[in-house]
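Following this message is one structure expressed as structure tokens.
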Amino acid sequence: MHFRPRHYVLIAVILALGVYNLVRSRRARERISAPAALPAATGPIPQSPAWQAFDHAAVLRDAPDPQFQPALHNLNQQMASATGAGKADLNGCQTWLLFYRESGRHASANDAWKQRSTRHLDVCVRQHRDVSS
């Protein structure tokens, strides 16, 4: 079979797309597996009753529902009465806590979400800040 110039161009385009997809998938894998840089704590950690309730609920995050639900209920009550600039951080950390609990119920070979939630919750407990934004 005799190739015309357009055939060579088509082969080059197909090879270039293949190389591009290979490089893109390797970079995506590196980005997912690379640990995220955690921001350093700046200033004192706020010790409000709402954050103390969050810390208690975060400690019980792997506990069965009969143990966890009272802590979550207490956290929700404390959040309802919380005021100040840290309330948005507290809401974000509570979302990660609930997401962690939900992802723990669905067993999967891919536990990247649970690992990311665990890292995030550890930062929430350590710094009392939501670092997702």
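Bear in mind that the values in this text are calculations on the coordinates, not laboratory data. Keep in mind the model is a prediction, meaning the values are calculated, not measured. Because the Cβ atoms are built from the backbone with ideal geometry, glycine has one as well, and the counts that use them run over all protein chains shown.
How high is the relative contact order of segment 49-127, given as a whole-number percent (alpha carbon pairs under 8 Å, six or more residues apart)?
Working: 51 pairs, mean separation 25.9, N = 79.
Once normalised by length, the contact order is 33 percent.
Moving on. Which Cα, out of Gln77, Pro49, Trp96, lies furthest along the positive dipole direction of segment 49-127 (beta carbon charges, K/R +1, D/E -1)?
Positive-most Cα among the choices belongs to Trp96.
Rounded to the nearest 0.05, what FRET efficiency is calculated for Asn21 and Trp113 with R0 set to 22 Å and r the Cβ-Cβ distance?
Numbers: r = 24 Å, r/R0 = 1.11.
The computed FRET efficiency comes out at 0.35.
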